[in-house]
Amino acid sequence: MTQERPALTVLLAAPRGFCAGVERAIRAVEDALERTDRPVYVRHEIVHNGRVVKDLERRGAVFVDEISEIPDGAVAIFSAHGVSRAVEREAEKRGLAVLDATCPLVRRVHLEGQRHARAGREVIVIGHRGHVEVEGTTGQIDGTVHVIESVAEALTVPVQDPDRIAYITQTTLSVDDTREIIAALRKRFPAIQGPDTKTICYATQNRQMAVRVIAERAERVIVCGARNSSNTNRLCEVAQGEGRPALLMQDPSDLTLSFVDGVAVIGLTAGASAPEELVQEALARLAQWRRLTVEEVRVTHEGTQFAPVDLSRLVSQLAKAS
Ligand code: 0CJ
Ligand code: F3S
């Protein structure tokens, strides 16, 4: 007699997966591959996901770490995370045909930082040191910039004039941790200017809210996404903050039978750079072991869409050059 697979309820977070900035950035690479006959180079992973990068590589895109690796005459695409002024200037000097796929919400943070610097304020960037978005944002601001990652650093960051400072944030931070860091800054520098947690983007906020709701009901949580993806890691932390073991699933093989052992209700979500196919692969894997009931738990609807990156100027520039 065959033994029936035990039941497992999967709480599927919504919203999850691709945000509007990721959709736009990937489409910029696809459009460039379709509409130009030049080689298409992308500086940095267009978004932090190996599956997305491999797919675009198969279609002809070449990913590099630095602008200096891009040959003259090629199309150069900047990733969704944004770049510094130095990178922009180097591309200009080299005469590269640039498509800037920086997320408009990251760009907004750049402009905010530049505005504070023009007003003579020192700018504190709350974010992860060494992360590509933080490198781009700090490199967009002419003036004194400090990066801080924690409440401890908020309490010790050395500033020249406490009456002339401002802060901005990376877009993909933990909402809760950032709120605490901002509170510490405000307490120490009552005159500080800054936007509350608003510059953490809508997609990051919504995915954190959704994973918290499923984590309240699930015993464990699976988060699809890459290990180098900041927003994906933050989703794991939110679930762990609710006392639930969380597994970051970069590839279906990361999901092992032992993770679901004895579990009746599991949560499933995906970072903003993780394709939905990964979520479907997680479900297929779980279905090999268990009889699934899948319940989508939606905490909000997302209507945000961005206009595509405009290729028309690039296409006419290339046509003139050839
Ligand atoms: O910084 C961004 C514009 C977010 C892009 C989408 O997510 P991802 O994983 O590529 O980047 P993070 O590491 O910043 O979350
Ligand atoms: Fe933009 Fe936020 Fe996505 S900054 S790329 S909408 S994660």
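All of the numbers you see were taken from the coordinates with simple rules; none came from a lab. Here the structure is a predicted model, which is why all the values come from computation and not from measurement. Here the Cβ is made from the backbone with ideal geometry for all residues, glycine too, and neighbour counts use every protein chain on show.
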* Asked: Can you work out ³J(HN,Hα) from phi for every residue in the stretch 64-78, in order, using Karplus 6.51 cos²θ - 1.76 cosθ + 1.60 and θ = phi - 60°, giving whole Hz and x for Gly and Pro?
  -> 10, 8, 10, 4, 4, 7, 8, x, 4, x, 8, 7, 10, 10, 8
* Structure fact -> In the neighbourhood of residue 160 defined by beta carbon distances under 11 Å, the net charge of the other residues (Lys, Arg +1; Asp, Glu -1) is -1
* Sparse-neighbour loop sites [GluC sites (Glu not before Pro); the stretch 252-319; at most 14 other C-beta within 10 Å; DSSP] -> 302
* Structure fact -> Computed over the stretch 20-103, the distribution of all Cα-Cα distances in 5 Å bins, rounded to whole %, is 3, 16, 31, 28, 16, 5, 0
* Asked: Amide H to amide H, which residues 5 or more places from residue 98 or on other chains are under 5 Å from it, using H placed in the peptide plane?
  -> 76
* Along the three principal axes, how long is the chain when you take its alpha carbons, biggest first, rounded to the nearest angstrom? -> 73, 57, 31
* **Separation in nanometres of the label points that stand 7 Å from Cα toward Cβ, at residue 283 and residue 118** => 4.8 nm
* State the Cα centre-to-centre distance between the stretch 252-322 and the stretch 170-226 in whole Å. => 20 Å
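Helix-only mean residue ellipticity at 222 nm, the chain, DSSP H runs n ≥ 4 weighted -39,500 (n - 2.57), per residue, nearest 500. What is it? All intermediate terms of the calculation are to be shown ahead of the outcome.
On the way: 11 runs with 129 residues, N = 322.
That comes out to -12500 deg cm²/dmol.
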* **Listed peptides 5-12, 74-81 by packing density, highest first (mean Cβ within 10 Å)** => 74-81, 5-12
* Asked: Whole-Hz Karplus ³J(HN,Hα) for the stretch 37-47, in order, using 6.51 cos²θ - 1.76 cosθ + 1.60 and θ = phi - 60°, x for Gly and Pro?
  -> 9, 7, x, 10, 10, 10, 7, 6, 4, 4, 9
* **Label-point gap, in nm, between residue 291 and residue 55 - each point 7 angstrom along Cα→Cβ** => 3.4 nm
* If the chain between residue 4 and residue 254 were fully stretched, how many nm would it gain, using 0.36 nm times the residue separation less the Cα-Cα distance? -> 87.5 nm
